[in-house]
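Only one structure is covered here, and it is reproduced in the block below.
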Amino acid sequence: PAQSTIHYLIRVRTTGALNLFLRAWDREAFQQAVVREQIAEGLYFGIMLAMLIYNLFVYFGVHEISYLYYSVFLVFFFFMQLAVNGMGYQYLWSAWPGFSDYGVPVFTYSAVFSALLFTRSFINTPRLLPRLNRLIDVLLVLAAAGLLFLLVRYLLGAYVIVVLSNIAAVISIAAVIIISIVALFRNSRAARFYLIGWAGLLCGVLVTVFRNTGLLPAFFFSDYSLHIGSIALVMLLSLGLIDTINQMRRKLQSYSTDLEQQVSERTADLNSSLNEVRSLKRQQDGDYYLTSLLIRPLNTYAQGSEKVHVQSLLRQYKKFQFRDRESDLGGDVCIAQEIMLCEKKYTVFLNGDAMGKSMQGAGGALVLGSVFTAIIERARIGEVRRQSPERWLKNAFIELDHVFQCFDGSMLVSVVMGLLEENTGFLCLINAEHPATVLFRSDKASFLGVEHTYTKLGSGIRHGNIQIYTTNLKPGDVIILGSDGRDDLRMQSDDASSHPESLNEQTIDRIDESQPWINHDETLFLRVVEEARGDLDSIEQLLRRTGEITDDLSLMRIAYDEPAAKQETIRSEQVKSHDEAYYQRYRELFERAKEHGSKRDYDTAIDLLKQAERVMPENLNVLKSLARVLFHTKNYGAAGEYAWRTLERSPAENDFLYMDSYCRRKSGDLNGAIESGERLR
């Protein structure tokens, strides 16, 4: 009835938290209030769901772990709100009514746990706030323990569990706010959004508490303060994440700009360095070119002999280009000149290899060539022309060694040098740690003078022990000199197997090896010379076919009386067809002289030999026999004369060189004795 008062008694019994507001509504007002509430709840949960989906998409795009923690937090916070206002039970878990008592604490603890993980990642507390990071670890343990307490809910009761979850939430919010404040003082840009967001949520919680206790009247803001605070939290945390991403982008842009600037500066520096290197390279190539111009005149041969023919091949390993001019540079040198010694014409030759690469080797070659050329020029004037070939060669070798000793071991040179007399084919050689000289005779190649080898020039040779190797070349003989580039070939198994004529046991053992190897068989060059028949161009081609040349290559070919080889054969035939009676007379006198000599009838033997000399004046056997018989009779003057005539015909006869020296000493010609002794030594 109108103007009456009705009293209602309501008893409420619950095991959990319950918001109970009693208000009398008329039907129309109640319907309007329900519509407004549903619209507000729809907007609220729509915003929360939209932010959740947005952050998940961002996480899958950038793979930043903070977005994952934040998305997990939004999920649990979303379901916690559904559990608090009853919409979760109404729409989601109505079939499990018992879950309504524990849904709020489950989602509360889960939201707290994920919020703490998000805080640690977002503010980077391990690096920025290591001490407060330990507080987060403690709270994480407590949140995990709260979830475990739900398993023993029958011991504690739903009410206690809800209270404990609320306490955990309040403590965690307070801890997060404290961490945000400290981080803000540490100039953390992310802490600003974090502090404002959690402060907004805390304000919403406080307004709700005040409204529930009657300290604040019920109106829109007080009714939806928790919704407004949580939306503010979600929005501000999302803005904080966006700001973090933008900050990272700005840093990346700054780094990119700085990197571009650094790349530009580095490119400019590299271009400057490259230009400087090119300038230095041009200067270096200029130095190379000038040095090659200085060395080039030294590698020449003044051809003037009809019997001695010299050819050379020089392939320096260092190739370069200077002002469109291609050239090469190295430490090899080939020199051949003609000089007169003791009124006989000699071809003096030298093949050297200065140690070191490029400029160092070229410097050694320049010194070697210049000094040796000066020694040759000095031999064309003055008393030097009266020296014996052995004496001159030994003195030249000693002088070269003295020059290179001045460099204190920093410049060493291997060399082979010698003299070849054009009339008799007398050859004298000296070798300073250079590849052995090759004699090519009758289509066979062999080494010459391998037992007379000394250390490199500049290494300190004992000059008193130097011996000269001597021999006589026959018409048609060819000697080949070469640097170690002829032996230092980089071999491949397929290269060696394709040239079986270049193999021996040493190389066959290495055919199966896949790695390149340097040839160590010096006899390989002998087989190459034989196959090339002593021709330099063919030798070079065969060497390149056999392996890769890894060093300077220089070759010298010295042929003695090559065109006269056939003439010698013809002359021998003419001698055989000489007047038989005339030749028989010579043989009869020579055999009778040998018979009387064996009986020590030296006077008769001398008389018979002189008769044989008149028959064949230049016969070498007669000259040798006369020298020996006269030496036995102590007729040193005559014996020395015949010994000297023997040496003129065959300069390599060391026995008669000793006899000449001895006879000169006995005859009082001490200077002549010393000269012959020096030649022998």
Next item on the list: Check Arg380, Arg391, Arg385 and return the single one that is within 14 Å of Cys342 (Cβ to Cβ) and assigned to a loop (DSSP other than H, G, I, E, B).
Entry: Arg380
Checklist line | Selection within the stretch 470-490 - farther than 20 Å from Gly547 by Cα, surrounded by fewer than 21 Cβ atoms within 10 Å (Cβ to Cβ) and not polar (S, T, N, Q) | finding: Lys474, Pro475, Gly476
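Collect the residues in the stretch 402-429 that are outside any loop (DSSP other than H, G, I, E, B), touching a Phe, Trp or Tyr at 6+ places or on another chain (Cβ under 9 Å) and over 21 Å from Val310 (Cα atoms), keeping them in residue-number order. Walk me through it before giving the result.
Taking the stretch 402-429 and keeping what is outside any loop (DSSP other than H, G, I, E, B), we get 402-405, 413-421, 426-429.
Cutting the leftovers down to touching a Phe, Trp or Tyr at 6+ places or on another chain (Cβ under 9 Å) gives us 413, 415-421, 426-429.
Hit for the stretch 402-429 is Val413, nothing else.
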Check: Are any of the residues in the stretch 339-349 within 39 Å of the chain's Cα centre (by Cα), part of a strand (DSSP E or B) and either of a type in the set (Phe, Trp, Tyr) or farther than 20 Å from Glu433 by Cβ (or both)?
Finding: no
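For the structure I just gave you, tell me whether Gly668 is modelled with pLDDT under 75 and more than 27 Å from Lys474 (Cα to Cα).
Values: modelled with pLDDT under 75: no; more than 27 Å from Lys474 (Cα to Cα): yes.
No, not satisfied.
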Checklist line | Lone unmet requirement of (1) surrounded by 12 or more Cβ atoms within 10 Å (Cβ to Cβ); (2) modelled with pLDDT under 50; (3) in a helix (DSSP H, G or I) for Arg510 | finding: (3)
Notebook entry, point to check: If you go through the stretch 449-485 one residue at a time, how many are closer than 22 Å to Gln311 by Cβ, modelled with pLDDT under 90 and of a type in the set (A, V, I, L, M)?
Noted result: 0
Next item on the list: For the stretch 646-653, indicate whether the set of residues that are over 60 Å from the mean Cα position of the chain (by Cα) and either in a helix (DSSP H, G or I) or modelled with pLDDT of 75 or more (or both) is non-empty.
Entry: yes
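Ala396 - would you say it is surrounded by 20 or more Cβ atoms within 10 Å (Cβ to Cβ), in contact with a Gly (Cβ under 8 Å, 6 or more places away or on another chain) and hydrophobic (A, V, I, L, M, F, W, C)?
Working: surrounded by 20 or more Cβ atoms within 10 Å (Cβ to Cβ): yes; in contact with a Gly (Cβ under 8 Å, 6 or more places away or on another chain): no; hydrophobic (A, V, I, L, M, F, W, C): yes.
When the stated conditions are applied, Ala396 does not pass them.
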Item checked: Scan of the stretch 654-669 for residues that are within 19 Å of Thr470 (Cβ to Cβ) and touching a residue at least 12 places away in the same chain (Cβ under 8 Å), ordered by number -> Asn654, Phe656, Leu657, Tyr658, Met659, Asp660, Ser661, Tyr662
Item checked: Number of positions in the stretch 319-338 that are more than 18 Å from Val367 (Cβ to Cβ), part of a strand (DSSP E or B) and under 44 Å from the mean Cα position of the chain (by Cα) -> 9
Next item on the list: Starting from the stretch 106-128, take each residue that is over 12 Å from Leu74 (Cα atoms) and list its partners that are in a helix (DSSP H, G or I) and acidic (Asp, Glu), counting only C-beta distances under 9 angstrom and pairs at least six apart or across chains.
Entry: Leu116/Asp137; Arg120/Asp137
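Can you confirm whether Phe372 is within 19 Å of Ala432 (Cα to Cα) and among the aromatic types (Phe, Trp, Tyr)? Before the answer, list the steps.
Details: within 19 Å of Ala432 (Cα to Cα): yes; among the aromatic types (Phe, Trp, Tyr): yes.
Criteria met by Phe372.
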Check: Within the stretch 27-49, is there a residue that is at pLDDT 75 or above, under 23 Å from Ala190 (Cα atoms) and either in contact with a Lys or Arg (Cβ under 6 Å, 6 or more places away or on another chain) or not small (Gly, Ala, Ser) (or both)?
Finding: yes
Next item on the list: Looking at (1) touching a residue at least 24 places away in the same chain (Cβ under 8 Å); (2) in contact with a Leu (Cβ under 9 Å, 6 or more places away or on another chain); (3) under 21 Å from Ile173 (Cα atoms), find the lone condition where Asn55 falls short.
Entry: (3)
Margin query: Going by what's in this entry, would Ser222 be described as touching a Lys or Arg at 6+ places or on another chain (Cβ under 9 Å) and either modelled with pLDDT under 75 or within 17 Å of Phe73 (Cα to Cα) (or both)?
Written below: yes
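Of all residues in the stretch 51-105, which are aromatic (Phe, Trp, Tyr) and under 25 Å from Phe122 (Cβ atoms)? So that I can check it myself, show each step before the final result.
Of all residues in the stretch 51-105, those aromatic (Phe, Trp, Tyr) come to 54, 57, 59-60, 67, 69-70, 73, 76-79, 89, 91, 93, 96, 99, 102.
Tyr54, Phe57, Tyr59, Phe60, Tyr67, Tyr69, Tyr70, Phe73, Phe76, Phe77, Phe78, Phe79, listed by residue number.
Within the stretch 408-424, can one find any residue that is without any contact (Cβ under 8 Å) to a residue 24 or more places away in the chain and not aromatic (Phe, Trp, Tyr)?
Initial filter on the stretch 408-424 (without any contact (Cβ under 8 Å) to a residue 24 or more places away in the chain): 408, 410.
Next, only the ones that are not aromatic (Phe, Trp, Tyr) stay: 408, 410.
Yes, there is a match, as at least one residue in the stretch 408-424 is without any contact (Cβ under 8 Å) to a residue 24 or more places away in the chain and not aromatic (Phe, Trp, Tyr).
Within the stretch 53-61, does at least one residue satisfy the condition of being surrounded by 21 or more Cβ atoms within 10 Å (Cβ to Cβ), among the aromatic types (Phe, Trp, Tyr) and assigned to a helix (DSSP H, G or I)? Please lay out each step first, then the result.
Applying the first criterion (surrounded by 21 or more Cβ atoms within 10 Å (Cβ to Cβ)) to the stretch 53-61 yields 55.
Then keep just the ones that are among the aromatic types (Phe, Trp, Tyr); that gives none.
Within the stretch 53-61, none of the residues are surrounded by 21 or more Cβ atoms within 10 Å (Cβ to Cβ), among the aromatic types (Phe, Trp, Tyr) and assigned to a helix (DSSP H, G or I).
Of Tyr602, Tyr662, Tyr636, which residue is under 30 Å from Ile430 (Cβ atoms), of a type in the set (Ser, Thr, Tyr), surrounded by 15 or more Cβ atoms within 10 Å (Cβ to Cβ) and over 60 Å from the mean Cα position of the chain (by Cα)?
On the way: Tyr602 fails: under 30 Å from Ile430 (Cβ atoms); Tyr636 fails: under 30 Å from Ile430 (Cβ atoms).
Of Tyr602, Tyr662, Tyr636, the one residue that is under 30 Å from Ile430 (Cβ atoms), of a type in the set (Ser, Thr, Tyr), surrounded by 15 or more Cβ atoms within 10 Å (Cβ to Cβ) and over 60 Å from the mean Cα position of the chain (by Cα) is Tyr662.
The values are calculated or read from the model by the stated rules, or taken from the named source; none is laboratory data. Owing to the predicted nature of the structure, the values given are computational and were not obtained by experimental measurement. Glycine gets a Cβ as well: all are built from the backbone with ideal geometry, and neighbour counts include every protein chain shown.
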